[in-house]
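Okay, so here's the structure we're looking at.
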Amino acid sequence: MEDYGTSDEDTYSSDQESYDGLENEETDSQWGSSTGNSCKVITRESLLVAQREDLRRVMDLLSLREHHARTLLIHYRWDVERLFAILVEKGKTCLFAEAGVTILEEIDVDSSVSSSTMMCGICMEEVAGSEVTKMDCGHCFCNDCWTEHFIVKIKEGQSKRIRCMAHKCFAICDEAVIRKLVSKRHPDLAEKFDRFLLESYIEDNKMVKWCPSIPHCGNAIRVETDEFCEVECSCGLQFCFSCLSEAHSPCSCWMWELWTKKCRDESETVNWITVHTKPCPKCHKPVEKNGGCNLVSCICGQAFCWLCGGATGRDHTWSSIAGHSCGRYKEDQEKKSERAKRDLYRYMHYHNRYKAHTDSFTQESRLRETIKEKVANLESRDSRLRDFSWVTNGLYRLFRSRRALSFSYPFAFYMFGDDLFKDEMTNEEKEIKQHLFEDQQQQLEANVEKLSKVFEDPFDSFEETEIMEMRMQVLNLSVVTDKLCKKMYECIETDLLGALQFSSHNIAPYQSKGIERATELNGGRNAKANNNIACQKAHDQTNGGSIELVHPSGCGTSDESGCSSRKRTREDSGGSFFDLNLPAELIDRN
């Protein structure tokens, strides 16, 4: 195995391509994050735009009205590709039936009824034809019954999929009719209904989630490809998209949840009490021994033997307690005590190193302003060196590597412990894999510490030759650190987590340029041109032809497994929402 951390000659090896790549990395006002197109920030203003992009794709593909397209997308959790796949596999009839969409072209679906009077099938009263509404499924009832039905469903939180009142009818009611009838009696409920429809794009979409910032920034993040990733919101918060906790790779979400719980609760305190105290046989309070004699007394007055915990009298000599003998070996008790000590020491080993690197990361993050001042001093000097981007890039290479190194210790605690993967590998296999991982971890740690030490020097007062030497040192260490970090991730993904047979753990992939910063979703219809081929070929199937569906990027996958349902409830911030009943063209112009 290549050793990057044992010799200076290896550490400062020449790698001109890597140097050029490091110096050419983009730096901006918010160092440490990369920008890309794989995740978008959805604000309050762009939420309707994002929703209408998917609505238009389905409307163009299937020649549907907007509320039918919305019903389909809500049923299939806004997964357009899955919707397309079911269309190809099962056909339009099955697609509509599963979602509760009913389109009967031979029946006039005009909501007004021309007859003078008719009997409502719900309240069994004669009502005027103008007071009766007919849905797409063909069932018609009086407006009062429809309104009461809609109000109850909205208050119950079922407003996204309100079914017809007819017996055994699974058709979804027209949202425009719901909005029209409810707004006459309860305008506030009509606004709530609109908000539920609008926010269903986030609440029901596994590729879109609320930013977990506190207080809530009001933004949502949409990822285009993999839900197991780490993103940065425009508010500056970096988090794991899968579990909505802080960014924690190379820890899996499950490992991180267990680790935070273990650090938060009192389990280790209880572990210490188990090791260092004995319960009083009378009041059962923990008693710590503070002398050499094995006869101890509790504050309640009860005397007991420290060796076995049994209640005794107070008469004793230096060698024995009167009327008491506990010289027989009790294997279970000794094993329990030894295991508690071993578990405690093991936890302390990993926690101390995790805490040390986390504290180092916090301290190094405070170097940002200091480094900016030092760079400004260097730029103001009359020197041949004008480009100091290697300083900021090297600094944030240090941040990214330090963060990965700190979270590698909770990973190792569970990967090589008995809590999760006891039956996944033998003790011999575990030992080999642990040594392989720890070797790479130690190499990374050694180079991270070297890189950290370099930035602590007062380099703004260096001579030009010393700055050149520091530049080469930073470039070398940055390249080596990046390679070691990437190598550790590959070991975790391939050799450790990839070899599991009975459980599945996923981690966010390693990003050399840091956690990707989500970009603002613009108001254009960039996906429209990309969808023309898919729409045209899908239309061919509806006419009896074959189909080869081309899926454009920008929508979720058809795999439903592993979908996190831990959605953040969005607070009602007041104000008016977009009118979903307006044509899309009018919204675009506005």
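The values are calculated or read from the model by the stated rules, or taken from the named source; none is laboratory data. Small disclaimer: the values here were computed from a predicted structure and weren't measured. All Cβ positions, glycine included, derive from the backbone under ideal geometry; neighbour counts span all protein chains shown. Surface areas here come from the heavy atoms of the whole protein model, side chains and all, with no ligands, DNA or RNA. Shrake-Rupley method; radii C 1.70, N 1.55, O 1.52, S 1.80 Å.
Data table
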| item | result |
| --- | --- |
| Solvent-accessible surface (1.4 angstrom probe) belonging to His139, in square angstrom, nearest 10 | 70 |
| Contour excess over end-to-end distance, with Cα ends at Glu98 and Thr260 and 0.36 nm allotted per residue | 54.2 nm |
| Qualifying lysines (Cα of each under 22 Å from Cα of Lys433; at least 8 residues distant if same chain) | Lys422, Lys483, Lys486, Lys487 |
| Sites Ser183 and Ser234 - FRET efficiency at Förster radius 30 Å, r taken between beta-carbons, to 0.05 | 0.30 |
| Anisotropy class of segment 114-237 from Cα gyration tensor, a/c 1.5 cut | prolate |
| Eligible lysines near Lys90 by straight Cα distance, threshold 18 Å, same-chain separation 8 or greater | Lys537 |
| Separation of the Ala499 and Glu428 label points, Cα + 7 Å toward Cβ, nm | 1.3 |
| Segment 346-417: Rg to Rh, with Rh as the Kirkwood radius over Cα pairs | 1.20 |
| When the convex hull of its Cα atoms is projected in every direction, mean area for segment 56-195 (nm²) | 8.8 |
| Approximate shape of segment 174-286 as ellipsoid semi-axes (Cα gyration tensor, √5λ), whole Å, largest first | 46, 23, 11 |
| Segment 198-247 shape via C-alpha gyration tensor axes, a/c threshold 1.5 | oblate |
| Set of lysines near Lys355 by C-alpha distance (under 18 Å), chain-local residues within fewer than 8 positions excluded | Lys261, Lys262 |
| Label-point gap, in nm, between Arg44 and Thr370 - each point 7 angstrom along Cα→Cβ | 4.1 |
| Positive minus negative residues near Gly301 (Lys, Arg vs Asp, Glu; Cβ under 14 Å) | +3 |
| Counted charge near Thr494, where neighbours are those whose Cβ lies closer than 13 Å (Asp, Glu -1; Lys, Arg +1) | 0 |
